[in-house]
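See below for the structure under consideration.
The values are calculated or read from the model by the stated rules, or taken from the named source; none is laboratory data. Given the structure is predicted, the values throughout are model-derived calculations rather than measurements. Every residue, glycine among them, receives a Cβ derived from its backbone with ideal geometry; neighbour counts consider all protein chains shown.
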Amino acid sequence: MFDVNIGDGALPCSQCAKRKLSCNKGSKARFRLMSEGSKEFPSDQTWCRTISKRIEFVDQSLEIARQYDGGSEAEDEEFPADRFKDHAHISPPIAENCDPNSRLPPASNSLSIEDQIISQISPQTGSDISQSPLIRDWAQPASECSIESTIRQFKRLELPQAALKEKDKALLIRHFVQVVGPAFDFYDEGRKVGRELTERAISCQPLLHLVYNASAKSLGLSLDLDNPSESLDSPIALSHIDDGNNGAAAALLSRFIFNLEDRHDLSQSFTILDTPSPRFHIQDEFQEAIMWASLRQEVFFALMNQRHVDVPVDRHALESLLQDHLLQTADDGTWCNRMLLHLFDTIQYCFGDAHSSSTYDQLFSYANTWMSSKPSSFTPVFSQDGPDGQILPEIWFLHSCAAAGMQYYHLVRILLTAHNPRVPRIGPAKKAAIEWIDEQVRGHAKMVCGIAESLEEINPGHLSACMAIALAGDYFHEEEEQAILLNLMTKTSSYYGWSTGSTQKYLQETWKLPER
């Protein structure tokens, strides 16, 4: 027994100063070290109050703990066995004193806690080990399993097997799923480009390299692939893809990368828009999603460069996916794709060689019929002119499908308004027509940009807004309007990586703005 207040009179005492402890000498109780074997206390012994509580003394010495937990050989050398003789009267409970309902066997000097667990879950005579939920999935015959190996298996924590070993490549995959894919999947609730295409790429090396490159290009990075023979500069890589679905996905990504690099040599790529099989595409949802994603991409780059779509497009195959005539009811996705396909037709007319009035009238009539026949879900749930003096209106739709369809409609109206073959060319009517055209084009462009801004801070609808700015940017003459449109295009290009650099440069020169 020790005297608690073993001090030397100093404050703090030497023991507390040595241990850098606070020296509290407020208590007057003093405990002294009694000689070994002494059981007698002086008559003036001061005792601590227990407040009528029962006190239990537990021996937690290392020697006793070793009897329950087992000890290493190093511990045996440090604590010889003969030191246990003083504690011989304290031993683990014998079997007769054990709880008969306990699942664990009685502790012994020869088994550690882990050994006891292993002995409990190891095969026993007359027992069916397969019935134990603890070991049903990993029990082995005794001939193939030792206690040592079982303990290691019991302790081991294994990471799940990963498809990719390099973190840099995994980050490119993540960027593709989070940013690149959703840009292609605009209003496609199945997210088949971002999800299914990525899953396919994991098991198709050439397609996986295209995914890496698409992510790198959208980030403005130059990717150094492990195998140069499978880089994008080698079109042989694409010929290795013999699966039709993977080939369609590869065509989509190769066109995306080539467009970002301003490469238009179509001999080095191919596209599923070229003579597809309508029946095959209708039955395959992934192929259908790739077809519409490819068309959205071609429309974007055509409008950004103000040219017609310069890859072969089987329009009849695309139209067959729309199922019925325009006046027939259909789901919202079909209604949106109808206007997307009509936007493609309008682009081919406006930037192509043929400009007959009859074709123009047909395009104009289709747009009006679509607008008057659209489902009620394409009606905005809220709209107002730009709040707080903002130039862009606020327009809310129930879902992105309706928002995209209305953006395509306003893009069609921009093109048809600007390319109206009946606009007067001379006389007083010319000036009035130009003023009317300017007002109409600006109004439709603001609608496209306002829809995008109303969806959320950044979303694939901003790509459509960039198309509107590319077409109608030089119709805006106010510096405030120009700054807002340029900022919108800049943030979209920065996030998605789709090429808008040449358009920005053109607008800065037209608006006489300083280069950024």
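List of remarks:
- Test: residue in the range 490-508 that is in the same structural domain as Met447 (by TED's automatic domain parsing) and under 15 Å from Lys446 (Cβ atoms): no
- Qualifying residue in the range 481-492 (condition: farther than 17 Å from Ile395 by Cα, charged (D, E, K, R) and crowded, with 16+ Cβ neighbours inside 10 Å): yes
- Near pairs, Cβ below 9 angstrom, 6+ apart or cross-chain, from the range 412-426 (of a type outside the set (Phe, Trp, Tyr)) to any residue that is assigned to a loop (DSSP other than H, G, I, E, B) and surrounded by fewer than 16 Cβ atoms within 10 Å (Cβ to Cβ): His419/His355; Pro421/His355; Pro421/Ser356
- Condition met for Glu394 (charged (D, E, K, R) and touching a residue at least 60 places away in the same chain (Cβ under 8 Å)): yes
- Search result, residues across the range 467-516 that are in a loop (DSSP other than H, G, I, E, B), of a type in the set (Phe, Trp, Tyr) and over 15 Å from Asn305 (Cβ atoms): Phe476
- Matching residues in the range 447-461 - criterion: being more than 17 Å from Tyr409 (Cβ to Cβ) and part of a helix (DSSP H, G or I): Glu453
- Scanning the range 423-444 for residues that are touching a helix residue (DSSP H, G or I) at 6+ places or on another chain (Cβ under 7 Å) and either outside any helix (DSSP H, G or I) or closer than 19 Å to Phe344 by Cα (or both) yields Val423, Pro424, Val441, His444.
- Test: residue in the range 327-344 that is more than 22 Å from Pro460 (Cβ to Cβ) and either part of a helix (DSSP H, G or I) or at pLDDT 95 or above (or both): no
- Scan of the range 371-411 for residues that are among the polar types (S, T, N, Q) and part of a helix (DSSP H, G or I), ordered by number: Ser372, Ser373, Ser376, Ser377, Ser400, Gln407
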